[in-house]
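The values are calculated or read from the model by the stated rules, or taken from the named source; none is laboratory data. None of these values were measured; they are calculated from a predicted model. The area values use the complete protein model at the heavy-atom level, side chains included, leaving out ligands, DNA and RNA. Shrake-Rupley method; radii C 1.70, N 1.55, O 1.52, S 1.80 Å.
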Amino acid sequence: MAMVDEPLYPIAVLIDELKNEDIQLRLNSIRRISTIARALGEERTRKELIPFMSENNDDDDEVLLAMAEELGVFVPYVGGAEHANVLLAPLETLCTVEETCVRDKAVESLCRIGAQMTEQDVVEHFIPLVKRLAAGEWFTARVSSCGLFHIAYPNASEILKTELRTIYGQLCQDDMPMVRRSAATNVGKFAATVEAAHLKTEIMSIFEDLTQDDQDSVRLLAVEGCAALGKLLEPQDCVAHILPVVVNFSQDKSWRVRYMVANQLYELCEAVGPEPTRSDLVPAYVRLLHDNEAEVRIAAAGKVTKFSRILTPDLAVQHILPSVKDLSTDSSQHVRSALASVIMGMAPVLGKDATIDQLLPIFLSLLKDEFPDVRLNIISKLDQVNQVIGIDLLSQSLLPAIVELAEDRHWRVRLAIIEYIPLLASQLGVGFFDDKLGALCMQWLKDKVYSIRDAAANNVKRLAEEFGPEWAMQHIIPQVLDLINDPHYLYRMTILHAISLIAPVLGSEITCSKLLPLVVNASKDRVPNIKFNVAKVLQSFIPIVDQSVVEKTIRPCLVELSEDPDVDVRFFASQALQSIDQVKMSS
């Protein structure tokens, strides 16, 4: 109530907190500034709060960042779009501070406010602000101005538009590399607002200057501009202006520029169309695949599938595949890993014959790679190959490698194999699966790593769902009977977890006849961890089995466990007993 009755009070508190030595108090005060603005009302916010915030800019970067963020959503508190111009002054000041993230947030907020302003206000207030920043003595102002042109330009008159294009051209030739970098970053956004006639002449001229900059940090940002401008130009103009730049960039002396080209080349292909791609960009891409810098090869390798999709299967086999073979034996493990993560996607592009003849040997060599991430990336995408070559051939060629990886020394590789098993099982069919992979699935339940044992228990459940209760009775239950008496308590716990997962799949009859006696017997275990897991499993059985079985078998066992010396065993047993009572009451 004090806020409404005494409107001076909140601003006094705010001023006190903003001047407090404790940065957290100042930060909280800025975060609550919208509450203060609501209490003051629109007019007093415009006349008192905003001027105060404009003056209060000599502060910690964290507080200034919060201020820049809050001002971006402040338009409703100053009276809507017609009064939005009052917010420009404090943000203009924040655009000149030294900390980059504060400037970026201030520019973002200015763009948001500028987009809401009336056309007249943009001309009277926003465009003069952009011009002041662009002419700023300190480079930070000029850096910030580059991000505002695309908001200012559409509402400007013809004379002002000419002036803004000229100013942007000057910023692209600024003495400070930071300003040129900012101009290169924003050239795509600005170009999108410029008329087509000026785009081909002035903007392309500006862009060409940036592409020939002596600083590689400016040139690599210009690479992003290639894709943005390529989408704005007609295909023939794109081929005339953008394509030569991209081809030159792919041979740039700086590896960072080549790296950016490798990342952006696919987007550029879409802009220039299929013919120029085949004649000019494929050779450039092949060069990048053989670059002497591993980082460039990594970026290029990650795009082989996307690039192959643009080409016909014959061209992909002719131009891309030889490079892919070389990359599969690259000296850098990270290059091989990047290739392994996408190479499976080439199978649908190349078709069955080319996949069998050309890609399968590469898959096999990558599956046997010494670096676990390479093996992992291949395993996780095997289904893409299966769709192309069929399960028979996959099982003949890749299954021996999969069986080998199931015992890999790196547990993450074993985990990836386990997660792939149910998919493989559904495709192989029950006969083939039992013959080749059945034993492995039970072997994983005794793995030394908990994540593997846990995944193996889930795997058993999914296999039971896939092949049905009868198969589970023949192949899972006998193994479970053996393992429940394993000397190691951790393996006994894994079996209990597996039992709780497969019981709903197997149904009431098998659970009562085969699983329940095992669990009740395990309640006599000497290890408390086993006993409280028994209580949890019995609780999971309650909805599955008949009420008579619950009363006759499960309740007595839980009552016994609820009197156990161990506190955890008693806790889980009582929880399970409560669950029985709740089910009884509800029925």
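Key figures for this structure:
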{"read-out": "Overall dimensions of segment 548-587 as given by Cα atoms, namely Rg and Dmax in Å", "value": "10.4, 33"}
{"read-out": "For GLN173, distant residues with modelled amide H under 5 Å away", "value": "none"}
{"read-out": "Average accessible surface area per residue within the chain, 1.4 Å rolling probe, Å²", "value": "45 Å²"}
{"read-out": "Rounded, prolate or oblate (a/c below 1.5 giving rounded, otherwise prolate when a/b exceeds b/c) for segment 148-291 by Cα gyration tensor", "value": "oblate"}
{"read-out": "Links that overshoot a 25 Å alpha carbon limit, given the list LYS131/LYS189; LYS461/LYS552; LYS47/LYS161; LYS200/LYS303; LYS161/LYS253", "value": "LYS461/LYS552; LYS47/LYS161; LYS200/LYS303; LYS161/LYS253"}
{"read-out": "Largest-first principal axis extents of the Cα set of segment 441-557 (Å)", "value": "37, 34, 20"}
{"read-out": "Spherically averaged projected area of segment 183-229 from its Cα convex hull (nm²)", "value": "2.7 nm²"}
{"read-out": "Between segment 509-547 and segment 312-333, the Cα center-to-center distance that results, in Å", "value": "56 Å"}
{"read-out": "Three semi-axes of the equivalent ellipsoid, segment 515-564, Cα gyration tensor, whole Å, largest first", "value": "18, 11, 9"}
{"read-out": "Segment 554-584-segment 85-116 distance, computed between alpha-carbon centres (Å)", "value": "63 Å"}
{"read-out": "For the chain, alpha-carbon Rg and Dmax in angstrom", "value": "33.9, 93"}
{"read-out": "Percent accessible area from carbon and sulfur atoms, the chain, protein chains only, probe 1.4 Å", "value": "50 percent"}
{"read-out": "Alpha-carbon gyration tensor eigenvalues x 5, square-rooted, for segment 194-264, Å", "value": "21, 12, 9"}
{"read-out": "Gap separating the Cα centres of segment 467-498 and segment 250-282, nearest whole Å", "value": "56 Å"}
{"read-out": "Segment CYS111-TYR491, length gained on full extension (0.36 nm per residue, minus Cα span)", "value": "130.8 nm"}
{"read-out": "Segment 216-353: C-alpha gyration tensor shape, a/c 1.5 cut-off, then a/b vs b/c", "value": "oblate"}
{"read-out": "Once the Cα gyration tensor of segment 57-162 is diagonalised, semi-axes √(5λ) in Å", "value": "21, 17, 9"}
